[in-house]
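Asks: Can you keep this structure in mind? I'll have questions shortly.
The values are calculated or read from the model by the stated rules, or taken from the named source; none is laboratory data. Here the structure is a predicted model, which means the values were calculated and not measured. Reconstructed Cβ throughout: ideal geometry from the backbone, glycine too, with neighbour counts over all protein chains shown. The area values use the complete protein model at the heavy-atom level, side chains included, leaving out ligands, DNA and RNA. Shrake-Rupley method; radii C 1.70, N 1.55, O 1.52, S 1.80 Å.
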Amino acid sequence: MSEGVERNTRAIEQSVVTEFSDRMSYSGYLDLETLLAAQHPLSSPEHHDELLFIIQHQTTELWLKLVLHEISGACRYLRDDKLAPALKCIARVKHIQRTLTEQWSVLATLTPAEYGQFRGVLGNASGFQSAQYRAVEFTLGNKNAGMLRVFSADAAAGRLVRETLEAPSLYDEFLRMLARSGYDIPEHVLTRDVTQAWTFTPELVPVFASIYADPQGHWAAYETCEELVDLEDNFQLWRFRHLKTVERIIGFKTGTGGSSGVPFLQKALQLTFFPELFAVRTEIPG
């Protein structure tokens, strides 16, 4: 029978390890000394809310690192016709996307007056310059070679963005897998220039219509289509929350990176990853 708690104090069990001079510790495994020392507010005197702003964006970058890891893994699995582990990767990304979207509510606690007191120290720093975000967009198929200019002064970031620009997207790999499975995917889709942004391809709509007409007979393809729709839905929700958080904090001021701000973010809502998977819904009877 376990012992109770006395005087609101939980006794440390004798088996709990407490000496770490020659053992791996929690802090050591996670390299917390480096991680927790990576926040460097530049306001002087230091503004209380600048730490929030820094941690908000640093945690986003950590999640984006995992998103990129999982989507890249999904691409590899699809390339090898291993659909089940690919879907597991996509499922994990969907949970991360929800976390990233909810995270905007934390930044939204920053008022315009508070942000205005330290915004100047950002200079031209902007989330637009996030190499990992751009790599995620590229891996999902929304590519733009012009973005390489943004990373010309950062060799590592430029290399990451270029690699994802030149690699087949998640959608490319899915369509190639469908072709290998016997679906009538047009040859020009399979041999397209993958450095170009995906654009709507009407010839694919009948292919998807046949899948949606008989979900049980095409369950693997049908399930994957719906998972991709979830990905795009989640991404658009993230973009919308980004836009509304920016509007809430700075209104219609220009962005620190030189963009028009909210109007520029609004255009992102018009970008798409898997347009045929939405277009096919119009063709489904009922």
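Asks: For LYS253, work out the one condition from (1) touching a Leu at 6+ places or on another chain (Cβ under 6 Å); (2) open to solvent by 30 Å² or more (accessible area, probe 1.4 Å) it doesn't fulfil.
Replies: Result: LYS253 fails condition (1) only.
Asks: Related question: Given the structure, is ALA74 surrounded by 14 or more Cβ atoms within 10 Å (Cβ to Cβ) and either among the charged types (D, E, K, R) or at pLDDT 95 or above (or both)?
Replies: On the way: surrounded by 14 or more Cβ atoms within 10 Å (Cβ to Cβ): yes; either among the charged types (D, E, K, R) or at pLDDT 95 or above (or both): yes.
For ALA74, the condition - surrounded by 14 or more Cβ atoms within 10 Å (Cβ to Cβ) and either among the charged types (D, E, K, R) or at pLDDT 95 or above (or both) - is met.
Asks: Still on this structure, I have one more. Quick one: how many residues across the range 56-71 are open to solvent by 30 Å² or more (accessible area, probe 1.4 Å) and in contact with a Leu (Cβ under 7 Å, 6 or more places away or on another chain)?
Replies: Here is the first cut: in the range 56-71, the residues open to solvent by 30 Å² or more (accessible area, probe 1.4 Å) are 57-59, 61-63, 65-66, 69.
Subset that is in contact with a Leu (Cβ under 7 Å, 6 or more places away or on another chain): 63.
Number satisfying all stated conditions: 1.
Asks: Would the range 181-192 turn up any residue that is in contact (Cβ under 8 Å) with a residue 24 or more places away in the chain and within 20 Å of LEU78 (Cβ to Cβ)? Outline the logic, then answer.
Replies: Going through the range 181-192, the residues in contact (Cβ under 8 Å) with a residue 24 or more places away in the chain turn out to be 181, 183.
Narrowing further to those that are within 20 Å of LEU78 (Cβ to Cβ): 181, 183.
Yes, that holds for at least one residue.
Asks: Pairs needed: first member in the range 27-50, open to solvent by 50 Å² or more (accessible area, probe 1.4 Å); second member anywhere, modelled with pLDDT of 95 or more and of a type outside the set (Phe, Trp, Tyr); C-beta distance under 6 Å; at least 6 residues apart or different chains.
Replies: Pairs found: LEU42/VAL121.
Asks: Looking at the range 1-117, what helices (runs of 4 or more DSSP H) fall wholly within it and have at least 2 residues that are closer than 30 Å to ALA179 by Cα? Step through it out loud before you land on a result.
Replies: Values: elements: 26-30, 32-35, 50-79, 83-107, 112-116.
Those helices (runs of 4 or more DSSP H) span 50-79, 83-107.
Asks: I'd like the full set of residues that are under 18 Å from PHE200 (Cα atoms) and part of a helix (DSSP H, G or I), limited to the range 151-177.
Replies: Of all residues in the range 151-177, those under 18 Å from PHE200 (Cα atoms) come to 168-176.
Within the range 151-177, LEU170, TYR171, ASP172, GLU173, PHE174, LEU175, ARG176 meet the criteria.
Asks: List pairs: first in the range 88-112 and within 30 Å of HIS47 (Cβ to Cβ), second open to solvent by less than 60 Å² (accessible area, probe 1.4 Å) and not in a helix (DSSP H, G or I), Cβ under 8 Å, 6+ apart or cross-chain?
Replies: As it stands, the answer is LEU110/ASP49; PRO112/GLY251, since those pairs meet every condition given.
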